[in-house]
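Inspection log for the structure reproduced underneath, given as structure tokens.
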Amino acid sequence: MPSEAAGLQSAAAGVAERRILILDFGSQYTQLIARRVREAGVYSEIFPWDIAESAIRECAPDGFILSGGPESVVLSEPPQAPELVFTMGVPVLGVCYGMQTMAVQLGGRVTPSAEREFGYAMVTTSGDSRLLQGLADASQEPGDALNVWMSHGDRVQTLPQGFEPIASSANAPLAGMADERRGLYGLQFHPEVTHTEQGQRIIERFVRDICGCPEAWQSGNIVARDIENIRQQVGSEKVLLGLSGGVDSSVVAALMH
């Protein structure tokens, strides 16, 4: 019968080995993206948009999510994702500004919208995208309708080569795009907010089905990982713990017990 230590080592192995890298372009929802990815059972890390390519290689992510942000890609010298993001060979999901910078960096065109769109919107899905296929809040021709949350003043006008439209709305004819061959996706709306009713399913589909990450980021595995880390660091030595009674020190005490 396996020992308790062996069981903990097995549970701890790989809990954060597979990961999604979130590049932050200044969105108020970036932390929420990370939370949604972890709720999908996948480990995620947030880095600034100008992360060094060497750091990206060191992280070896299974996929990227490019957040929204307050900037405009039509202005001079807007924030852009490192080129490696699109050449590394792993899936990428661009959200709002993330979609727009993806489009521009890969040869598409973004223009200011005639009207700024902020709040609820209905988008119609199209095509056979792995990201959105089969998801719907209501049915209508020619595709399925999703209730989503928009927050943008620019919109993609021309898709980059290799991309197909996968969603549209009244104010954004190109509200979603996909290059299925390369695993590159862009959404003008925000799947991370609860107002987008199918948002969590979209994120789960991206990180688990498209990026291939297992559902390993779970509380039991996280506890096992931390206990194993403590055992590796402490060994047979004794530990003096200052216990204040607060959450942090109490959790440490429970893990070390």
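The values are calculated or read from the model by the stated rules, or taken from the named source; none is laboratory data. A quick note: this is a predicted structure, and the numbers were derived from the prediction, not measured. Cβ coordinates were reconstructed from backbone atoms using ideal geometry, including for glycine residues, and neighbour counts include every protein chain displayed.
Overview of values
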| quantity | calculated |
| --- | --- |
| Residue identified as more than 18 Å from Q100 (Cβ to Cβ), at pLDDT below 95 and either assigned by TED's automatic domain parsing to the domain that holds I33 or touching a Ser or Thr at 6+ places or on another chain (Cβ under 8 Å) (or both) among L255, L243 | L243 |
| Subset of the range 55-79 (residues that are on the phi > 0 side of the Ramachandran plot and over 18 Å from the mean Cα position of the chain (by Cα)) | E77 |
| Search result, residues across the range 191-214 that are in a loop (DSSP other than H, G, I, E, B), touching a residue at least 60 places away in the same chain (Cβ under 8 Å) and either in contact with a Cys (Cβ under 7 Å, 6 or more places away or on another chain) or surrounded by fewer than 23 Cβ atoms within 10 Å (Cβ to Cβ) (or both) | V193, H195, E197, Q198, G212, P214 |
| Residues of the range 49-83 that turn out to be buried (at least 17 other Cβ atoms within 10 Å of the Cβ) and among the aliphatic types (A, V, I, L, M), as a count | 6 |
| Number of positions in the range 120-148 that are out of contact with any helix residue (DSSP H, G or I) (no Cβ under 8 Å at 6 or more places or on another chain) and at pLDDT 85 or above | 16 |
| Cβ-Cβ under 6 Å pairs, at least 6 apart or on other chains, the range 95-123 side under 17 Å from Q161 (Cα atoms), far side part of a helix (DSSP H, G or I) | V110/Q100; V110/A103; V110/V104 |
| Only listed residue being on the phi > 0 side of the Ramachandran plot and out of contact with any strand residue (DSSP E or B) (no Cβ under 6 Å at 6 or more places or on another chain), chosen from G107, G199, G162 | G107 |
| Long-range neighbours under 9 Å by Cβ, at least six apart or interchain, first residue farther than 13 Å from L131 by Cα within the range 162-190, second among the β-branched types (V, I, T) and outside any strand (DSSP E or B) | F189/T196; H190/I33; H190/T196 |
